[in-house]
Amino acid sequence: MKRPLLTRLLALAAGSLLLSACISQPGPAPRATGDLGLVIERASGSVQLIESTGQSSLARIEGLGDLSHASVVFSRDERYAYVFGRDGGLTKIDLLEQRIDKRVIQGGNSIGGAISQDGRLIAVGNYEPGGVKVFDAQSLELVADIPSTALPDGSRNSRVVGVIDAPGQRFLFALFDTAEIWIADFSQGDTPQITRFEQIGKQPYDDLLTPEGRYYIAGLFGEDGMALLDLWYPERGVQRILDGYGRGQQALPVYKMPHLEGWAIAGNKAFVPAIGQHRVLVMDTERWQQQHAIEVAGQPVFVMARPDARQIWVNFAYPDNHRVQVLDSETYEILADLEPGPGVLHMEFTPRGEQLWLSVRDANEIQVWDPYRLELIKRLPADSPSGIFFTSRAHKTGL
């Protein structure tokens, strides 16, 4: 028997009202990731998820193993972070869910890695067993295993340092013990084409890719100088630059190796930490020759440019690691000599440069500074913080 027309109309109206009520019910607002970042808490094997808009900590994520020399890269959509731990752990973190998504132990002792140009591959450099392992970024399944050169006595393979991504779906890295730079080219598939450059200088320990992705530069711990490879013309081989920059300087004990990733590129000048010296070197990026040397408070670790390149911020190794100096990139004048606290380990600018975040390890805090007014804005508690990494790194080459 058919229902009266009025009854059917009332039923349809009631259903529409119910559907409308369901749709309009307020729920949790979706969270974007553009202002997020991670802070490494090295003593506890944890990371803090931070956000720069409100300068706050959102969560602590635990269970990441040995983070004594940890670094982070991000997926191209900024949702996932990949943490490289010193114990060989590779951990994928979901920033929206605020939890570990996947974790593998891929080696015995690793020191950093990179994500490929297309965001599909994660490369990890290993001290032990030596070499580079490459993983699928989504599943963390092994894609390629690239052993490094064996030492002459056959006891082990060379330690790998400074793994970075480069244009053309390539990874570059240096072999500390055998004085080499390698290019692993994945542009033709998951079997890499390897190009080796030998005898590039003693003990390459870290590296830098210039912002446009053309020049790969390896710092040398075993001698005064650096090794430069032009990726536009790799057939020209490796060129020595800053050869003998420490000549005539008193040799000092090196308490902490400088990080070349933090090189400041300002216009046509590069500001470079000098190993074992209380100096920042100024280099011409067209001819790669030294122009100047700036005397600073201690042995520089990070030498970083504010995003507008007007200032250069420098932190130092022990015993001067309670200080940060700010340099003028044009006049080389020291604009400020700050003392944020004991054990300043890392610095990170927000993408547009309105904030500078500092990790002050021995004060167990993160500090947020206004780099224009040179004023402290905020302090956040953290457990022995070290590296600070913002999701904006997802869109930069060579990190």
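The values are calculated or read from the model by the stated rules, or taken from the named source; none is laboratory data. Source: prediction; values computed, not measured. Note that we place each Cβ from the backbone using ideal geometry, even for glycine, and neighbour counts take in every protein chain shown.
Against the test of being at pLDDT below 95, at negative phi and out of contact with any helix residue (DSSP H, G or I) (no Cβ under 9 Å at 6 or more places or on another chain), the options Asp320, Asp337, Asp308, Asp328 yield a single qualifying residue, Asp308. Considered as a group, the residues in region 189-204 that are of a type in the set (A, V, I, L, M, F, W, C) and either part of a loop (DSSP other than H, G, I, E, B) or surrounded by 13 or more Cβ atoms within 10 Å (Cβ to Cβ) (or both) include one that is modelled with the highest pLDDT, and that residue is Phe197. What are the residue pairs meeting all of these: first residue in region 141-168, first residue on the phi > 0 side of the Ramachandran plot, second residue aromatic (Phe, Trp, Tyr) and surrounded by 12 or more Cβ atoms within 10 Å (Cβ to Cβ), Cβ atoms under 6 Å, and 6 or more apart or on different chains? Listed pairs, sorted by first residue: Gly162/Phe173.
Annotation for region 82-91: no member residue is touching a Ser or Thr at 6+ places or on another chain (Cβ under 7 Å), under 30 Å from Asp370 (Cα atoms), part of a loop (DSSP other than H, G, I, E, B) and basic (Lys, Arg).
Can you find a residue in region 113-128 that is closer than 22 Å to Phe197 by Cα, of a type in the set (Ser, Thr, Tyr) and touching a residue at least 12 places away in the same chain (Cβ under 8 Å)? Yes - at least one qualifying residue is present in region 113-128.
Can you name every residue in region 325-346 that is under 16 Å from Ile265 (Cα atoms) and surrounded by fewer than 23 Cβ atoms within 10 Å (Cβ to Cβ)?
Of everything in region 325-346, those that are under 16 Å from Ile265 (Cα atoms) and surrounded by fewer than 23 Cβ atoms within 10 Å (Cβ to Cβ) turn out to be Val326, Asp328, Ser329, Glu330, Thr331, Tyr332.
If you go through region 67-79 and keep only what is within 24 Å of Leu121 (Cβ to Cβ) and at pLDDT below 95, you end up with Leu67, His69, Ala70, Ser71.
Would you say Asp153 is charged (D, E, K, R), modelled with pLDDT of 95 or more and either exposed (fewer than 15 other Cβ atoms within 10 Å of the Cβ) or in a loop (DSSP other than H, G, I, E, B) (or both)?
Numbers: charged (D, E, K, R): yes; modelled with pLDDT of 95 or more: no; either exposed (fewer than 15 other Cβ atoms within 10 Å of the Cβ) or in a loop (DSSP other than H, G, I, E, B) (or both): yes.
Answer is no for this residue.
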